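Trainee: What follows is a single structure, and I will ask about it in a moment.
Laboratory data are not the source of any read-out in this text; all were calculated from the coordinates shown. Only a predicted model underlies this, so the values are computations on that prediction, with no experimental measurement involved. Quick reminder, even Gly has a Cβ in these numbers, built from the backbone with ideal geometry, and neighbours come from all protein chains shown.
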Amino acid sequence: MARKIIAGNWKMNTNLKEGKELAKAVQVAVQKMEVTHLSIVLAPPYTHLTEVGKIIEKGKIALGAQNVSSYENGAYTGDVSATMLKSLGVEAVIIGHSERRAIFGETGAQIREKMQRVWESNCLPILCVGENLEQRKANEQDAVIKKQLDEGLEGFGESRLENLVIAYEPVWAIGTGETASPRQAQDMHHFIRNHLSNTYSATLAQEISILYGGSVKPANAHDLFSQPDVNGGLIGGAALKAEDFVELIKIGEKVLR
Ligand code: PGA
């Protein structure tokens, strides 16, 4: 069975003080909850990792990072390696977010390298895939997602993929308030699982968590999370409000099966 995950991606938001307050509010609320089958991840900016890590250390929340270098170490000014992240207690790393692809020009080959680095460091990669509005309008979404998956996973064996999370995030739904309908999300998640099943094996495909991301909020989470192939959410905007994020955790705990 695939892991059920609620992950918060803070993106480039909050200063350190605000970030610590947000992490504390989520930590305190989650400690009071009974979380039986949900993994919770917080991915603050790099600069907050140490402090947020201290806040969530003794609890049910895992530390995540939003990006990683495709290189191991050396003369790469400004980059942060997977081993550095690991040494701060990071357990999961978001890779190939659509903002990284579109704004920073990340290529499939770079994303594949990042996957390799994260696996080498014994962290969990969260590989993001998603089509943009133009591609959706042209009905090219399946081909786009297939290409992104194949590029990111090329050459890796099944033993690596046992430790993998995929996040389907339609670009047209990120930060726009526009959400994929539960049907659109389910169709794409099913397509992804089917593709993994054909490329690797049905057993492996069932084990891989596929998260939905794109304007998830308490008002729409119930319907999205109850789709059979949706194993959780990658949350942007709503992860910046402790109340909303905690509510999403509650909904996930109840609905994700
Ligand atoms: P959003 O972002 O929830 O603000 O749409 C999701 C994401 O980009 O991970």
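Trainee: Can you give me the distance in nm between label points at Thr36 and Asn122, each placed 7 Å from the Cα along the Cα-to-Cβ direction?
Mentor: Output for this residue pair reads 3.1 nm.
Trainee: With all pairs of different alpha carbon atoms counted, what Kirkwood hydrodynamic radius in Å does the range 83-148 show?
Mentor: The Cα-based Kirkwood calculation yields 12.9 Å.
Trainee: While we're on this one: For Leu16, put the label point 7 Å out on the Cα→Cβ axis and report which residues of the range 30-55 keep their amide N under 17 Å from it.
Mentor: Residues 44-55 fall inside that zone.
Trainee: Picking from Gly237, Gly177, Gly19, which is most flexible by a Gaussian network model of the chain using Cα springs under 10 Å?
Mentor: Gly177
Trainee: Which is farthest toward the positive dipole end of the range 64-148 among Gly89, Gly130, Gly74, measuring Cα position about the Cα centre, with Cβ charges +1 (Lys, Arg) and -1 (Asp, Glu)?
Mentor: Of the candidates, Gly130 comes out farthest on the positive side.
Trainee: For Cys128, Cys123, what's the fewest-to-most ordering of other Cβ within 10 Å of each Cβ?
Mentor: Cys123, Cys128
Trainee: Using just the Cα positions, wrap the range 26-144 in a convex hull and report its mean projected area in square nanometres, one decimal place.
Mentor: 9.3 nm²
Trainee: Turning to a different aspect of this structure: To the nearest 20 debye, what charge dipole does the range 1-97 have about its Cα centre, counting +1 at the Cβ of each Lys and Arg and -1 at the Cβ of each Asp and Glu?
Mentor: Magnitude of the dipole: close to 320 debye.
Trainee: A follow-up question, please. Considering only DSSP beta bridges with both partners in the chain, what is the antiparallel share in %, to the nearest 5?
Mentor: Around 0 percent of the beta bridges assigned by DSSP in the chain are antiparallel ones.
Trainee: Who wins for biggest fluctuation among Leu38, Leu204, Leu164 in a Gaussian network model of the chain, springs between alpha carbons below 10 Å?
Mentor: Leu204
Trainee: Here's another thing I want to ask about it. How large is the convex hull of the Cα atoms of the chain per residue, expressed in Å³ as a whole number?
Mentor: 117 Å³
Trainee: When Rg is the radius of gyration of the Cα atoms in the range 178-237 and Rh is its Kirkwood radius, what does Rg/Rh come to?
Mentor: Reported Rg/Rh, Kirkwood definition of Rh: 1.00.
Trainee: Over 22 Å between C-alpha atoms is what I'm after, so list which of Lys137/Lys241; Lys60/Lys86; Lys4/Lys254 land there.
Mentor: From the list (Lys137/Lys241; Lys60/Lys86; Lys4/Lys254), the Cα-Cα distance tops 22 Å for Lys137/Lys241.
Trainee: Quote the relative contact order of the range 1-131 in percent (integer), defining contacts as alpha-carbon pairs under 8 Å separated by 6+ residues.
Mentor: Here the relative contact order equals 21 percent.
Trainee: Still on this model: Relative contact order, percent, of the chain when contacts are C-alpha pairs under 8 Å separated by at least 6 residues?
Mentor: Relative contact order for the chain comes out at 22 percent.
Trainee: Let me ask something additional. Taking the chain as a Gaussian network, Cα atoms linked when under 10 Å apart, which of Ala180, Ala43, Ala92 shows the biggest mean-square fluctuation?
Mentor: For the chain, modelled as a Gaussian network with Cα springs under 10 Å, the answer is Ala180.
Trainee: When only C-alpha pairs under 8 Å and at least 6 residues apart count, what is the relative contact order of the range 160-257, in percent?
Mentor: 31 percent
Trainee: Further question on the same structure: Express in whole angstrom the spacing between the alpha-carbon centres of the range 1-72 and the range 210-231.
Mentor: 19 Å
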